[in-house]
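Only the coordinates and a few stated rules stand behind these numbers; no lab work does. Just so we're clear, the structure is a prediction, and the values are computed from it rather than from any experiment. In this analysis, Cβ positions are derived from the backbone assuming ideal geometry, glycine residues included, and neighbour counts consider all displayed protein chains.
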Amino acid sequence: MEEPEPRWEGKATAELKTTAPDQIWPLLEDFCGIHKWFPHLDTSYQVEGEKGKPGLTRYCANNPGESGVTWAKEKLLTMDPVQRCFSYEVVDNNMGFNSYAATIKVLPVDGGGCRIEWSFASGPMEGWRSDDLGSFIDSCLQFMAKKMEAAIKNGDGSSCG
């Protein structure tokens, strides 16, 4: 009998001390607007499904560099605006993601700020270690949190559909 593949699991968090959950949530709830916040991502658009509903699939890609375009198709699995969380899975990609799924939550913290939690599970990725993936997710989340907080502070935090 074949051994099941090990799963890589992890969680990254970013705390935004001056930004409320209700300010951050609309930016993340815009599933196809991830390119506005995620580092090195130049485009993200709807491929199929209905906005904000499970089954919505987005295509995300960067501009071609020396190694060419890297891309992923990601499907929304759940969207809960009351709990301010959603989950998605990578359904196709050229970056080595293997059975990758994630849940992103926006939680209140004392003092009026919020915390973004990004938990993930993935099959092993060729050329990566589990710690590499965790570090990548964490650095992306920290970048996103700073960019979203700055946009809100500058009055440019609108999401668009």
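Mind ordering 142-155, 54-67 by average Cβ neighbours within 10 Å, highest first? Please list the in-between numbers first.
Working: 142-155: 15.7, 54-67: 14.0.
Result, highest mean first: 142-155, 54-67.
Taking only DSSP H segments of four or more residues, each worth -39500 (n - 2.57), what value at 222 nm results for the chain once the sum is divided by all its residues, to the nearest 500 deg cm²/dmol? Taken over the chain, the calculation gives -7000 deg cm²/dmol. Within segment 97-116, which residues have the backbone N less than 20 Å from the label spot 7 Å out from Val47 along Cα→beta-carbon, could you tell me? Under cut-off, by backbone N: 97-104.
Rounded to the nearest 0.05, what FRET efficiency do Ala20 and Asp138 give with R0 = 25 Å and r taken as the Cβ-Cβ distance? Could you check? The pair Ala20/Asp138 has a calculated efficiency of 0.65. Per the Cα gyration tensor, segment 1-156 maps to an equivalent ellipsoid with semi-axes of 25, 18, 16 Å, ordered largest to smallest. Relative to the first principal axis of the alpha-carbon coordinates of the chain, what is the inclination of helix 130-153, with its axis defined by its Cα atoms, in degrees from 0 to 90 and to the nearest 10? Long axis of 130-153 versus the principal axis of the chain: about 20 degrees.
The modelled label-to-label distance for the pair Glu126/Val109, using points 7 Å beyond Cα in the direction of Cβ, is 3.9 nm.
Go through 127-134, 11-18 and give me the packing order, highest mean Cβ count within 10 Å leading. Kindly include the intermediate steps, with their values, before the conclusion.
Values: 127-134: 13.6, 11-18: 16.0.
For the peptides 127-134, 11-18, the packing ranking is 11-18, 127-134.
Straight distance only, please: which lysines reach the Cα of Lys153 with their own Cα at less than 16 Å, same-chain residues fewer than 8 apart left out? Straight-line reach from Lys153, under 16 Å: Lys17, Lys36.
Note the full-extension length gain between Glu9 and Lys73 as 0.36 nm times their separation in residues minus their Cα-Cα distance, in nm to one decimal.
Values: separation 64, 0.36 × 64 = 23.04 nm, distance 2.04 nm.
21.0 nm is the gain from fully extending Glu9 to Lys73.
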